[in-house]
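Below is one structure, written out as C-alpha cells; the observations come after it.
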Amino acid sequence: MSRIASLLRRRRLDAELDEELHAHIEMATEENICRGMTQREARTAALREFGGVDQVREIYRMRRGLPWLEQLWRDLHFGARQLIRAPGFALTAVGTLALGLGANTAVFSLINGLLLKPLPVPHAEALTVVRSFRSDSSNFSFFFSEPMFRAVAKRRDVFDPVAAFARTTLQVRNGPGTVEIPAALVSGTFFSMLETTPLKGRVLISADDRAGAPGVYDAVISEGFWRSWFNADPNVVGRTLTIANQSFTVAGVMPKSFIGADPVQRPQIFLSIQAEPVVDAPYSSLKSGYRTFWLNILARRKAGITLEQANASLAAASNAVLEEATPDAEIVKDYRTNHFRLAAEPGSNGFTYLRLAFRKPLTVVMALCGGVLLLACLNLTSLLLAKAAAREGEFATRLALGASRRRLVQQLLMESLMIAVLGTMAGLAAAPIVSRGLAVLLLGGQRNVVLDTAPDFQVFGFAVLLTVVAAVLIGLLPALRATGGELNQQMKCGGRNLGRDRHRLLPQLLMSVEVALALVMVVGAGLLAASLTRLYRTGLGFDPKGLVNLDLAMGKQPLEGDALLRWYQQYAEALAHHPGVKNLTYVGMTPISGGLEIKSLRTPYSSGDREIYANDVGPAYFATLRIPLQAGREFRWEDSVASGNKVILNETAAKTLFPGRNAIGQTIPDGENKDEVIGVVADAHYLSVSGTPPPTAYTAMTQSSQKKGSYTMMVRLANENQAAALGDAARKLMMRMAPEVPEPVMTTMTEQIDDSISSERMMALLSVFFAACALLVTAIGLYGTLAYATARRTSEIGVRMALGAQRRQVVALVFGENAWVAIVGGAAGLGVALIAPRALESTLYSTSVRDPWVMAGSVVALTLVASAASLLPALRAASVEPMEALRTE
C-alpha cells in the first residue's frame with residue numbers, strides 16, 4: 001500500500017529526497033571544512049565519499065514504489081512520442097490493424113449472437129438440446145413428434161425437467177382487423193426448465209398441458225407485448241386476447257430479459273402446445289401424432305450429470321422411446337434398420353435452425369477475416385522491421401551505455417501494443433455497425449428474426465486477445481532483430497549499409513508470404529463470385545422480373561370449399577384491374593421457396609413407383625410465370641371437382657411417368673382418384689436456384705381437397721416500381737372483403753431468390769470485400785517496405801548515379817526488388833491456391849476450384865497492385881541528386 005501511495009505523491013517525495021540529499025552533502029562539506037579543507041576541496045570530498053547521487057536517487061525510487069509500473073508508463077510515453085513523430089506511419093499502422101481487428105470483432109459478434117451467447121436464464125450451462133440420428137437421413141434431426149417428446153420426458157434419470165417448444169405465428173384480433181404476432185407453443189414444463197419467474201401473474205405449468213385443461217386457453221405474454229398492446233396496464237392479468245377466433249386469457253407477463261429458447265426469435269405470446277389445433281386450424285400437428293415432427297426438445301440436466309452421461313442415457317433409451325411413441329410396427333422397423341438413436345448436445349444458447357444453415361458460411365467468413373488480420377500483421381511486421389533497421393545506431397548506443405536487451409525489447413513491444421490498442425479501439429467503434437450490416441445481409445428477408453450482435457464480455461475478451469496476439473505478432477520479431485546485432489558494426493553504419501543489407505532478406509520473405517496469402521484470398525473470392533454469378537445466370541424456367549407475391553392467410557376465416565374458391569376468384573378479378581397488373585394467379589408453394597409436396601405415383605409405363613413433386617396452382621399460372629406450355633392447356637376456374645381431376649406435368653415428370661409416349665389425355669392413379677393429364681409445360685426450378693428441376697405435377701387449386709386452403713397470389717407487373725401501390729391496394733381490398741384475415745405479406749420474386757441464396761451471396765460479397773482489403777494491405781506493405789529500404793540506400797543510389805548509372809537503371813533496380821518479391825510470393829500463392837480452395841468445393845455452383853479464368857484474373861490483379869505499389873518508391877529513388885546523397889554520409 002505504501003508503494004502504491006508513493007506513486008500518487010511522487011513529486012513531493014522527490015523534493016523531500018533532494019532536500020535530504022542536499023542536507024547530507026552540506027553537512028559532510030562542513031565537516032571537511034572543519035578539518036582544514038577549502039570549500040571546493042570539502043565539497044568534492046563529500047561527493048566522492050557519498051557516491052553517485054543519481055544512482056542513489058534511482059535506488060530510492062525503486063524501493064519506495066513500483067518500478068515495473070513506472071517503466072511501463074515511461075515506455076508508453078516514449079512509444080506515444082515515437083508515433084507522434086511519424087504520423088503517417090502511425091495512421092497507416094492503426095488503420096491497417098483497425099481493418100483486420102474490426103472485421104474479426106464484427107464477425108465474431110455475429111457468431112457470438114448466433115452460436116455462442118448463452119440464453120439469459122439461470123444456470124444456462126445445464127441446458128441440453130435433444131437430437132436424433134438416422135443413418136439414411138439427417139432431415140428433422142432436431143424435431144420430434146409430440147408422443148416422442150412425452151416418451152423422452154419420462155426419462156428422468158438424467159434430466160429434470162424436459163420441455164418442448166415450437167415457433168409459430170398467431171393471428172391476433174386488433175380492433176376491426178387481424179395482425180400476425182410471432183409466438184411459441186410450449187409444454188407445461190417450459191418455464192420451469194428455464195427457471196424464469198414472471199413479472200406479473202403466473203407461467204404455464206404441467207396442469208395446463210393436458211387436453212381439455214382450463215389452462216389450455218391461458219396465454220403468457222412478453223414485457224414488450226404488455227407495453228405495446230395493453231399500455232403497461234398493471235391489471236393486465238385476466239384480460240383477454242382473441243387469437244385465431246378463440247378467446248385467450250392473459251395469465252402472466254414475462255420480464256424484459258426473457259426471450260424464450262430460440263436466440264433469434266422474440267416470441268410475444270406463449271401458448272400451451274394443447275392449443276395448437278386451434279391456432280393452426282384447419283391443420284393440426286398435435287392431432288397427427290407420431291407422423292408429424294414439429295417440436296424441439298430442450299432439457300435441463302440434473303446436478304452432477306455431465307453431457308457424456310446424458311448422451312449415454314439417451315442412447316440406451318432410444319429403442320424404448322421409439323416403441324413407446326410409435327405404434328406403427330413398420331415405421332419402428334424402418335427406424336431400427338437405419339440405426340435410430342437419440343443424443344444430447346450443449347444447449348446453453350438454446351436452439352435455432354439458423355445455426356444449421358449459417359454455421360458453415362460464418363466459418364468461411366471468419367477464416368477470411370483471419371486472413372485479413374494475418375495480412376495486416378505481416379504488413380506491419382515488415383514495416384516495423386524496416387523502421388527498426390533505421391534505428392540500429394540508436395539501439396547500439398543505448399546498449400553500449402548499459403541498457404539491457406530485455407529492456408529495449410520491452411520498450412519496442414509497448415510501441416507495438418499501443419498500435420494494436422489504437423487499432424482495436426478504432427475497430428471496436430466500427431464493429432457494431434458492421435455486425436448489424438452483416439446480420440441484415442445474412443438473414444435477408446426472414447421475418448420475425450432478431451440477431452443480437454451487441455458486444456458482451458465474450459466479444460470484449462475476444463478483442464483483448466486479438467490485441468495481445470497482434471501486438472506480439474507485429475512487434476516481437478522486429479524488436480529481437482533490431483537489438484540482436486553486433487554493436488560496433490551498428491554504431492559505425494548508423495542504420496545505413498552500403499551494398500546488400502543483411503536486414504533486407506527477412507522483410508522480403510515476409511512480404512512474399514503476404515503476397516502469397518493475398519493471392520489465395522483473391523482466388524477464393526474470385527471462385528465464390530464466379531459461383532454466385534453463375535447462380536444468378538441459371539435458367540430458372542420462369543421469368544422472375546416483375547413478379548410480386550402476396551401471401552394470404554385464409555385459414556381462420558369462416559369461408560370454405562366452393563365459397564372460399566369464389567372469394568379467391570373475386571379477389572383476383574378485383575386486383576386484375578389495378579394499373580400495371582398484366583397477369584395474376586395463385587399457387588400453394590411459390591418457386592424457390594424450398595418446399596414442395598412429394599407424392600409416390602406410378603403408371604403402367606413408369607416401371608414402378610416414382611417420386612413426383614406436387615403443387616396446387618390456379619388458372620393462368622404458367623402464363624403469369626411465363627413457363628412455356630409445350631402441349632395441352634392451362635387450368636381454368638371451371639375445372640371443378642365434378643369435372644374430374646386434372647393434372648399438368650412438367651417435361652421431366654412426363655418423361656418419367658410416360659417414357660416415349662404422349663402424356664396428354666393419359667391418366668395417373670392417385671389414391672382413389674385418377675388424374676387426367678391436360679398439359680405438359682417446361683421444367684422450372686422450385687426447391688432452389690441450383691440443382692436440376694424436379695419432376696413436378698401441378699394440380700388445380702379448384703379441385704383441392706383442402707376446405708380452407710391458403711394460397712399465395714402471384715402478380716406480374718409491367719414495372720416492379722408499381723409493387724408498393726399494388727401492396728397498398730391489396731391490403732385495402734382485403735380489409736373490405738375479409739377484415740378478419742391478416743393483411744397480405746408482399747415480397748418480390750427477386751427478393752425471394754436473393755433470400756434463397758443469402759448465405760452464398762454473403763460469402764461472395766464479403767470474400768470480394770476482404771480480397772480487396774487484402775490487395776490494399778499488400779500494396780501498403782510493398783510500398784512501405786520498399787520506401788523504407790530505398791530511403792536507407794540513398795547514399796548507395798547517389799554513388800551509383802555519380803558513377804554513371806542512368807535514372808531508368810535506378811528505377812529498374814528498385815522496382816526489380818519488389819518484382820522478385822511479388823513473383824516469388826505469387827508463385828507460392830498460386831501453388832497453395834490450387835489446393836486450398838478445395839475447402840470451398842461444396843459451396844461452389846458450376847465452378848471448378850481450378851477455374852483458369854479466376855486464377856489468371858487473380859494473378860493479373862495482384863501483379864497490377866504490386867506494380868503500382870512499387871513504382872512510386874522507384875521513381876522517387878531515381879530523382880535523388882548524387883551530390884545531396886553523398887553529403888548524407
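The values are calculated or read from the model by the stated rules, or taken from the named source; none is laboratory data. As the structure is a computational prediction, the values presented were derived from the model and not from experiment. Glycine also receives a Cβ, built like all others from the backbone with ideal geometry; neighbour counts cover every protein chain displayed. Only protein heavy atoms, including side chains, enter the accessible area calculation; ligands, DNA and RNA are left aside. Shrake-Rupley method; radii C 1.70, N 1.55, O 1.52, S 1.80 Å.
A single member of Ile823, Ile835 is aliphatic (A, V, I, L, M), within 13 Å of Val515 (Cβ to Cβ) and out of contact with any helix residue (DSSP H, G or I) (no Cβ under 8 Å at 6 or more places or on another chain), and it is Ile823. The residue of segment 107-122 that is surrounded by the most Cβ atoms within 10 Å (Cβ to Cβ), among those that are out of contact with any Pro (no Cβ under 8 Å at 6 or more places or on another chain) and part of a helix (DSSP H, G or I), is Leu110. Filter segment 803-826 down to residues that are open to solvent by 70 Å² or more (accessible area, probe 1.4 Å) and under 41 Å from the mean Cα position of the chain (by Cα) and give me whichever is modelled with the lowest pLDDT. So, considering only residues that are open to solvent by 70 Å² or more (accessible area, probe 1.4 Å) and under 41 Å from the mean Cα position of the chain (by Cα), the one modelled with the lowest pLDDT is Trp820.
Within the option set Ser607, Ser593, Ser600, being closer than 22 Å to Ile753 by Cβ and either of a type outside the set (Lys, Arg) or surrounded by fewer than 14 Cβ atoms within 10 Å (Cβ to Cβ) (or both) holds for one residue only, Ser593.
For segment 172-205, residues that are in contact with a Lys or Arg (Cβ under 9 Å, 6 or more places away or on another chain), open to solvent by less than 20 Å² (accessible area, probe 1.4 Å) and either part of a strand (DSSP E or B) or β-branched (Val, Ile, Thr) (or both) total 4.
Residues of segment 458-492 that are modelled with pLDDT under 85 and open to solvent by 30 Å² or more (accessible area, probe 1.4 Å): Leu473, Leu476, Leu477, Leu480, Arg481, Gly484, Glu486, Leu487, Asn488, Gln489, Met491, Lys492. The set of residues in segment 628-670 that are modelled with pLDDT under 90 and at positive phi comprises Gly644, Gly660. Of all residues in segment 231-245, those satisfying the criterion of being at pLDDT 90 or above and either hydrophobic (A, V, I, L, M, F, W, C) or open to solvent by 40 Å² or more (accessible area, probe 1.4 Å) (or both) are Asn231, Ala232, Pro234, Asn235, Val236, Val237, Gly238, Arg239, Thr240, Leu241, Thr242, Ile243.
A quick yes/no check of all residues on (1) more than 24 Å from Leu194 (Cα to Cα); (2) basic (Lys, Arg); (3) open to solvent by less than 40 Å² (accessible area, probe 1.4 Å); (4) not in a loop (DSSP other than H, G, I, E, B):
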| residue | (1), (2), (3), (4) |
| --- | --- |
| Pro277 | yes, no, yes, yes |
| Ala299 | no, no, yes, yes |
| Gln309 | no, no, no, yes |
| Asn319 | yes, no, no, yes |
| Glu323 | yes, no, no, yes |
| Lys333 | yes, yes, no, yes |
| Arg336 | yes, yes, no, yes |
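Checked against (1) under 16 Å from Ile598 (Cα atoms); (2) buried (at least 19 other Cβ atoms within 10 Å of the Cβ); (3) within 38 Å of the chain's Cα centre (by Cα), Thr699 passes all but condition (3).
Looking only at residues of segment 681-690 that are aliphatic (A, V, I, L, M) and open to solvent by less than 20 Å² (accessible area, probe 1.4 Å), we find that the one that is farthest from Arg537 (Cα to Cα) is Val681.
Considering only segment 710-738, state which residues are over 17 Å from Gly546 (Cα atoms) and in contact with a Gly (Cβ under 7 Å, 6 or more places away or on another chain). Matches in segment 710-738: Ser710, Tyr711, Met735. When each of Phe225, Phe248 is tested for being open to solvent by less than 30 Å² (accessible area, probe 1.4 Å), in a helix (DSSP H, G or I) and at negative phi, the lone residue that passes is Phe225. Within segment 143-161, work out how many residues are in contact with a strand residue (DSSP E or B) (Cβ under 9 Å, 6 or more places away or on another chain) and farther than 16 Å from Ala325 by Cα. Residues flagged as in contact with a strand residue (DSSP E or B) (Cβ under 9 Å, 6 or more places away or on another chain) and farther than 16 Å from Ala325 by Cα within segment 143-161 amount to 5.
Starting from residues that are part of a helix (DSSP H, G or I) and open to solvent by 70 Å² or more (accessible area, probe 1.4 Å), keep the ones in segment 869-885 and report whichever is modelled with the lowest pLDDT. Taking the candidates together, the pick is Glu884. Would you confirm whether or not segment 776-794 contains a residue that is open to solvent by 60 Å² or more (accessible area, probe 1.4 Å) and under 31 Å from the mean Cα position of the chain (by Cα)? Yes; the residues of segment 776-794 include at least one that is open to solvent by 60 Å² or more (accessible area, probe 1.4 Å) and under 31 Å from the mean Cα position of the chain (by Cα).
Yes or no, residue by residue, for (1) open to solvent by 10 Å² or more (accessible area, probe 1.4 Å); (2) at pLDDT 95 or above; (3) of a type outside the set (Lys, Arg); (4) closer than 14 Å to Ala183 by Cβ:
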| position | (1), (2), (3), (4) |
| --- | --- |
| Ala207 | yes, no, yes, no |
| Pro214 | yes, no, yes, no |
| Trp229 | yes, no, yes, yes |
| Lys256 | yes, no, no, no |
| Asp262 | no, no, yes, yes |
| Arg266 | yes, no, no, yes |
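Specify the residue that is modelled with the lowest pLDDT; the eligible residues are those in segment 508-523 that are in contact with a Ser or Thr (Cβ under 6 Å, 6 or more places away or on another chain) and open to solvent by 10 Å² or more (accessible area, probe 1.4 Å). Checking each candidate, the answer is Leu510. Among the residues of segment 635-653, the ones that are under 44 Å from the mean Cα position of the chain (by Cα) and over 19 Å from Glu672 (Cβ atoms) come to 6 in all. Checked against (1) part of a strand (DSSP E or B); (2) surrounded by fewer than 19 Cβ atoms within 10 Å (Cβ to Cβ), Leu271 passes all but a single condition, namely (2).
For Ala856, are the conditions met, namely being modelled with pLDDT of 75 or more and either touching a Cys at 6+ places or on another chain (Cβ under 9 Å) or over 30 Å from Thr363 (Cα atoms) (or both)? It is false that Ala856 is modelled with pLDDT of 75 or more and either touching a Cys at 6+ places or on another chain (Cβ under 9 Å) or over 30 Å from Thr363 (Cα atoms) (or both).
This table checks each residue for (1) over 21 Å from Leu550 (Cβ atoms); (2) not polar (S, T, N, Q).
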position: Leu564; (1), (2): no, yes
position: Tyr568; (1), (2): no, yes
position: Ser607; (1), (2): yes, no
position: Tyr613; (1), (2): yes, yes
position: Asp670; (1), (2): yes, yes
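Filtered by the rule that a residue be surrounded by fewer than 21 Cβ atoms within 10 Å (Cβ to Cβ) and part of a helix (DSSP H, G or I), segment 524-558 gives Ala529, Ala530, Thr533, Arg534, Tyr536. Of all residues assigned to segment 559-578, none qualifies as being over 23 Å from Thr696 (Cβ atoms), surrounded by 17 or more Cβ atoms within 10 Å (Cβ to Cβ) and of a type in the set (S, T, N, Q).
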